[in-house]
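Please treat every number below as a calculation from the coordinates, not as lab data. None of the values given here were measured: they were computed from a predicted structure. With ideal geometry, Cβ positions are generated from the backbone for all residues, glycine too; neighbour counts draw on all protein chains shown.
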Amino acid sequence: MRWTCIVASVLVLAMAGSAAAQRDRKKQAYPPTLDGATVEVYKTVGDVALNMYEYFPEGHKPTDRRPAIVFFFGGGWRGGSPKQFEKQCQYLASRGMVAMAADYRVLSRQKVKADRCVADAKSAVRWIRENAERLGVDPERIVASGGSAGGHIAACTGTITELDEQHEDVAVSSQPNAMILFNPAVVLAPVNGEFPVRNSEQLPKRTGVEPKRISPYHHIRTGVPPTLILHGEADDTVKFQTVQWFTDAMQEAGNRCELASYAEAGHGFFNYGRKGNRYFSETMHRVDQFLQSLKYLQGEATIEEFVSGLNGSGKSK
């Protein structure tokens, strides 16, 4: 009896270990699975296929010509996953937008540097515009969004006029019609002799080009799309001062740029699942207001009901 119990215990432990290993493999699997998303390849580079994860409003039809938003994940141009913005996509689709999360090449998976990340972001915006009729999207109401490094490449789509893929039809614009940036890296080169960027000496190795070429601040001009920035004042990774500089320069150039600050928030504060979703709810409410001001959304924000529904479903807390 004693040996039977021991053997049974060993089997239980082995099964538990096997299940944990399977969960770990599933967690690390790439490309990821986003709940409820339609998946298409928007770009192929060699043997690398980059996915677009699409969320459509209920009852959506190709003739609807809805506004669209595309999110780019953070991860220092080294890693990260489109799954980061799964919940933001689901919420905005519930509000009537076509919401997408784009994969793009990164150092850890494809051995590329930041300039190729920018090229992929521009390809993503262009692909949405080229396929607008099929997707039921208004090609003149496309929003680029993202967080941290993803916020950087989203900002580049609205400011950088080069780095497009050579084989793409540049007659189709890769510039979005608006930008929503979560703690974005928008300053990659000195501003009036100041350079509050962490590990700035490593930037040339990480960017693939001279950093100023892909520094959104340094490419601000009249005509940059309306922009909302959401940033924590306690961010030690991307200093709050840098988005203040960007906002001031945008406004001086005659562009609309709003900066929503969060006094005690650090880097990545906006992500779903943090701090009881306080900042997720607050930032998405602010995003909703911004999109309403552009006539991209109508009616009251429903983010509280959305989060409550997710918690009640047991999917995430």
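Do we have residue 125 as within 28 Å of residue 232 (Cβ to Cβ) and out of contact with any Gly (no Cβ under 7 Å at 6 or more places or on another chain) here? Before the answer, list the steps.
Working: within 28 Å of residue 232 (Cβ to Cβ): yes; out of contact with any Gly (no Cβ under 7 Å at 6 or more places or on another chain): yes.
Yes; evaluated as a whole, the condition is true for this residue.
Given (1) aliphatic (A, V, I, L, M); (2) without any contact (Cβ under 8 Å) to a residue 40 or more places away in the chain; (3) touching a Cys at 6+ places or on another chain (Cβ under 9 Å); (4) under 28 Å from residue 294 (Cα atoms), identify the lone condition not met by residue 171.
Failing condition for residue 171: (3).
I need the full set of residues from the range 195-208 which are closer than 14 Å to residue 218 by Cβ and either of a type in the set (Lys, Arg) or touching a residue at least 24 places away in the same chain (Cβ under 8 Å) (or both), in order please.
197, 207
Taking into account only those residues within the range 31-74 that are among the small types (Gly, Ala, Ser) and more than 19 Å from the chain's Cα centre (by Cα), which is farthest from residue 267 (Cα to Cα)? Write out each step before concluding.
Residues of the range 31-74 that are among the small types (Gly, Ala, Ser), as a first pass: 36-37, 46, 49, 59, 68, 74.
Within this subset, residues satisfying the condition of being more than 19 Å from the chain's Cα centre (by Cα) are 46, 59.
Values: 46: 34, 59: 36 Å.
The qualifying residue farthest from residue 267 (Cα to Cα) is 59.
Condition test on residue 260, is it without any contact (Cβ under 8 Å) to a residue 60 or more places away in the chain, surrounded by 14 or more Cβ atoms within 10 Å (Cβ to Cβ) and assigned to a helix (DSSP H, G or I)? Walk me through it before giving the result.
On the way: without any contact (Cβ under 8 Å) to a residue 60 or more places away in the chain: yes; surrounded by 14 or more Cβ atoms within 10 Å (Cβ to Cβ): yes; assigned to a helix (DSSP H, G or I): no.
So residue 260 fails the test.
Results for (1) within 15 Å of residue 42 (Cα to Cα); (2) in a helix (DSSP H, G or I); (3) of a type in the set (A, V, I, L, M), shown as yes or no for each residue.
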residue: 78; (1), (2), (3): no, no, no
residue: 84; (1), (2), (3): no, yes, no
residue: 87; (1), (2), (3): no, yes, no
residue: 115; (1), (2), (3): no, yes, no
residue: 120; (1), (2), (3): yes, yes, no
residue: 129; (1), (2), (3): yes, yes, no
residue: 139; (1), (2), (3): no, no, no
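Quick one: how many residues across the range 96-113 are surrounded by 23 or more Cβ atoms within 10 Å (Cβ to Cβ) and assigned to a loop (DSSP other than H, G, I, E, B)?
Final tally of qualifying residues: 4.
Could you list, ordered by first residue, the pairs with Cβ atoms under 6 Å in which the first is in the range 71-95 and farther than 18 Å from residue 181 by Cβ and the second is of a type in the set (S, T, N, Q), at least 6 apart or interchain?
78/108; 79/108
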